[in-house]
Amino acid sequence: MNIFFERKFVIQGLVVFIAFILLSRLFYIQVIDDSYFLSANNNVLRKINIYPARGIIYDRNGHILVQNEPVYDLMVIPKQTKDIDTLNFCKLIGISKSEFTEKIKKARKYSPFKASIFEKQLSARVYASFQEQLYEFPGFYVQNRTVRKYPDSAASHVLGYIGEVNDRIIASTNNYYQKGDYIGISGIEKSYENILRGQRGTKVIMVDVLNRDQGSYENGAYDTVAIAGEKLVSSIDFEMQKLGEALMRNKKGSIVAIEPSTGEILCFISSPGYDPNLLVGRERGNNYIKLLRDPQKPLFVRPLMAQYPPGSIFKAVEALVAQQENLIFPETRFPCGGGYSIGSRTVKCMHNHSPLNLQESIAQSCNSYYCWTFKKLIDQGNYGSAEKNFLKWREYVNKFGIGKKTGIDLPNELNGLLPTVAFYDKYYGSGHWKSSTIISLAIGQGELGVTPLQMANVTAAIANKGWYYNPHLIKAIGNNNTQKIEFTTKNYVGIDSAYFNIVISGMQDVVERGTATYAKIDGITMCGKTGTAQNPQGKDHSVFFAFAPRDNPKIAIAVVVENAGFGSIWAAPIASLLVEKYLKDTISRPQYYIDRLLNADLIHAPVLSAEDIKKAEEKKKK
């Protein structure tokens with residue numbers, strides 16, 4: 001019996017102890033810790049995310065490039081949706097009955113008790129009509145937020161776009177983002193996400209049985225304030241950007257212009273482009289798929305990702321490197337004869353020149369001159385063998401920013417192509433190649449691939465006579481106008497400044513009396529170089545780079561028009577108009593000059609020859 005009574009007391013003691021634990025926990029949940037109370041009473045108290053406005057982005061002159069506009073996400077708590085007029089509900093927000101059923105099913109799968117997005121981004125007009133009848137739809141409420149708006153539909157590849165986070169992004173950011181948050185996907189929106197996004201806030205409100213807002217809970221004791229993202233001032237000149245986009249309409253290619261003294265990018269154009277407003281709103285997903293499937297690839301960021309043979313513009317770099325190595329001098333002349341012969345092979349020149357000096361070789365773009373120069377660099381250089389001479393040549397070229405990323409503040413930049421010794425050893429065998437084997441490099445062809453951004457950066461380095469800042473698109477961050485430190489450090493190309501004047505004089509001659517006279521600007525001394533980059537897939541690319549004015553340069557520009565032939569016909573005049581617009585804030589050229597470029601369709605129509613264009617212009621003058 002004693003054993004029986006002892007067991008009885010033990011069991012009673014355990015029951016009392018467990019009851020005490022449960023009562024204590026219940027007291028803690030209901031009295032001390034209100035978070036459990038809020039969760040358990042979701043039908044009375046509602047926690048709402050307060051989304052901050054993303055930072056506004058301006059151009060260099062204070063023009064707004066991207067701002068925010070209000071939209072409204074329709075939220076649902078499935079367990080609370082009872083006895084609603086489904087047909088009226090669907091009519092108000094513009095969906096079908098089947099869509100309603102599918103969305104409710106999806107929300108219920110996420111959680112019957114937790115709120116989730118039922119319909120994203122209702123417009124202000126739809127929200128206004130829906131709000132009047134919201135009390136008829138228990139379980140539904142509206143959450144305010146903002147989305148991006150592009151007032152001028154410009155600079156889409158610069159600005160980029162935002163999108164909703166997915167599970168992968170949430171996991172990769174240690175759950176900083178929550179379901180329903182937006183994040184920068186491309187462009188500046190992605191590069192400066194941490195600055196633009198701001199800080200999310202929360203608000204706890206009380207609602208009645210009719211789902212109507214009854215005010216803050218505990219006078220906002222549990223609320224946190226949303227902090228808007230910081231503003232960004234871009235280096236883009238809006239007027240120049242719009243003109244460049246218009247000039248590149250119905251053309252494939254790129255334009256990049258840089259302020260040489262700062263590295264700030266003045267315009268950044270990838271064509272074909274797209275209206276950035278297409279990637280905002282309820283049709284964003286459908287529009288994105290259409291853009292992705294477009295054969296013209298409007299989402300492809302050509303200034304960063306397209307790699308072209310630089311063509312004759314590379315001759316300026318060759319001339320500088322050879323001078324630095326004391327292998328050619330201003331008075332150095334080489335024979336032309338219509339081309340440079342290597343055994344049975346000939347690199348043709350556009351003209352049968354008499355022997356030219358260095359300045360003349362730039363002005364008249366003599367292929368032969370630069371084949372001879374390359375022979376000196378690789379076969380007769382100062383380092384003992386073709387391979388070692390090539391390594392030194394490659395080092396110089398790399399310092400100009402070719403074959404490596406410029407470090408621009410945009411994602412997805414490519415290195416470009418700059419061949420290595422290992423590449424040629426593998427292809428030809430170690431010790432079995434020399435200048436004649438790789439002679440195409442002499443004139444910017446062969447295994448070279450340069451992005452338009454790199455072309456513009458090389459131009460800036462020449463304009464500065466041997467240095468450049470990393471090109472960038474944001475010049476000031478926040479109200480304190482701070483700048484990233486990596487954009488304030490000079491990069492030197494390893495060429496003495498004394499060697500630039502002769503090359504620059506040749507580039508001035510290109511515009512004033514050479515291959516780019518059609519691009520000459522009254523009252524502005526522009527120095528440039530035309531190029532015709534070979535294209536194995538079709539018609540050659542039209543290329544031009546230039547800077548202006550010669551003294552104290554304010555702009556360096558590179559233009560590539562794909563499948564358009566000579567640089568003098570398309571790329572040079574387009575660059576010329578943009579330079580004049582930037583430096584003079586007006587264009588003095590006759591209207592027919594401008595119209596030819598604005599109205600030309602080089603994607604859907606055949607490219608006119610230089611003779612055809614000349615005849616058409618003479619006819620207009622008459």
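The values are calculated or read from the model by the stated rules, or taken from the named source; none is laboratory data. A quick note: this is a predicted structure, and the numbers were derived from the prediction, not measured. Neighbour counts run over all protein chains shown; Cβ positions are idealised from the backbone, glycine included.
The set of residues from the range 100-133 being within 36 Å of the chain's Cα centre (by Cα) and charged (D, E, K, R) comprises 103, 106, 119, 120, 125.
Of the strands (runs of 3 or more DSSP E) that lie entirely inside the range 462-518, not one contains 3 or more residues that are over 31 Å from the mean Cα position of the chain (by Cα) and closer than 17 Å to residue 545 by Cβ.
Among the numbered conditions (1) of a type in the set (D, E, K, R); (2) over 25 Å from residue 47 (Cβ atoms); (3) without any contact (Cβ under 8 Å) to a residue 60 or more places away in the chain; (4) surrounded by 16 or more Cβ atoms within 10 Å (Cβ to Cβ), the only one that residue 97 does not meet is (4). Pairs meeting the criteria (first residue in the range 107-136 and without any contact (Cβ under 8 Å) to a residue 24 or more places away in the chain, second residue surrounded by 14 or more Cβ atoms within 10 Å (Cβ to Cβ), beta carbons under 7 Å, at least 6 apart or on different chains) are 110/116; 131/142. Note on the range 453-499: among residues that are basic (Lys, Arg) and at pLDDT 95 or above, the one that is surrounded by the most Cβ atoms within 10 Å (Cβ to Cβ) is 475. Residue pairs whose Cβ atoms lie under 6 Å apart, separated by 6 or more positions or on different chains, with the first residue in the range 327-353 and without any contact (Cβ under 8 Å) to a residue 60 or more places away in the chain and the second in a strand (DSSP E or B) and aliphatic (A, V, I, L, M), are 339/347. The set of residues from the range 52-92 being outside any loop (DSSP other than H, G, I, E, B), in contact (Cβ under 8 Å) with a residue 24 or more places away in the chain and among the charged types (D, E, K, R) comprises 69, 73, 79.
Here residue 317 fits the description: within 30 Å of residue 245 (Cβ to Cβ) and touching a residue at least 60 places away in the same chain (Cβ under 8 Å).
Taking the conditions exactly as written (touching a residue at least 40 places away in the same chain (Cβ under 8 Å) and of a type in the set (A, V, I, L, M, F, W, C)), does residue 473 satisfy them or not? Spelling it out, residue 473 is indeed touching a residue at least 40 places away in the same chain (Cβ under 8 Å) and of a type in the set (A, V, I, L, M, F, W, C). Selection of the range 296-309 for residues being under 16 Å from residue 544 (Cβ atoms) and either of a type in the set (Val, Ile, Thr) or within 21 Å of the chain's Cα centre (by Cα) (or both) yields 302, 303, 306, 308.
Residue selection: residue 521 fails the criterion of being under 15 Å from residue 582 (Cα atoms) and within 27 Å of the chain's Cα centre (by Cα). Every condition in (1) within 24 Å of residue 279 (Cβ to Cβ); (2) of a type outside the set (Ser, Thr, Tyr); (3) surrounded by 15 or more Cβ atoms within 10 Å (Cβ to Cβ) is met by residue 107 except one, and the failing one is (1).
Rundown of residues vs (1) under 30 Å from residue 191 (Cβ atoms); (2) touching a strand residue (DSSP E or B) at 6+ places or on another chain (Cβ under 8 Å); (3) not small (Gly, Ala, Ser), yes/no style:
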residue: 366; (1), (2), (3): no, yes, yes
residue: 371; (1), (2), (3): no, yes, yes
residue: 376; (1), (2), (3): no, no, yes
residue: 383; (1), (2), (3): no, no, yes
residue: 387; (1), (2), (3): no, no, yes
residue: 392; (1), (2), (3): no, no, yes
residue: 426; (1), (2), (3): no, no, yes
residue: 433; (1), (2), (3): no, no, yes
residue: 436; (1), (2), (3): no, yes, no
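In the range 413-434, of all residues being small (Gly, Ala, Ser) and under 37 Å from the mean Cα position of the chain (by Cα), the one that is farthest from residue 392 (Cα to Cα) corresponds to 416. Between 373, 346, the distinction of being touching a Gly at 6+ places or on another chain (Cβ under 8 Å) and β-branched (Val, Ile, Thr) belongs to 346 only. Looking only at the range 155-196, which residues are β-branched (Val, Ile, Thr) and closer than 17 Å to residue 68 by Cβ? The answer is 162, 183, 185, 188, 195.
In summary, residue 537 fulfils each of the numbered conditions (1) touching a residue at least 24 places away in the same chain (Cβ under 8 Å); (2) closer than 21 Å to residue 562 by Cα; (3) of a type in the set (S, T, N, Q) with the single exception of condition (1). Counting residues in the range 441-451 that are at pLDDT 95 or above and closer than 30 Å to residue 61 by Cα gives one or more. Answer yes or no: is there a residue in the range 554-575 that is at pLDDT 95 or above, assigned to a loop (DSSP other than H, G, I, E, B), under 30 Å from residue 329 (Cβ atoms) and within 28 Å of the chain's Cα centre (by Cα). No - not one qualifying residue is present in the range 554-575. The number of residues in the range 167-183 being over 14 Å from residue 193 (Cα atoms) and either among the small types (Gly, Ala, Ser) or surrounded by 12 or more Cβ atoms within 10 Å (Cβ to Cβ) (or both) comes to 5. Answer yes or no as to whether residue 358 is closer than 30 Å to residue 470 by Cα, assigned by TED's automatic domain parsing to the domain that holds residue 502 and surrounded by 23 or more Cβ atoms within 10 Å (Cβ to Cβ). Yes; evaluated as a whole, the condition is true for this residue. Number of residues in the range 478-500 that are in contact (Cβ under 8 Å) with a residue 60 or more places away in the chain and touching a strand residue (DSSP E or B) at 6+ places or on another chain (Cβ under 6 Å) equals 3. Would you call residue 144 of a type outside the set (Lys, Arg), at positive phi and at pLDDT below 95? No; evaluated as a whole, the condition is false for this residue.
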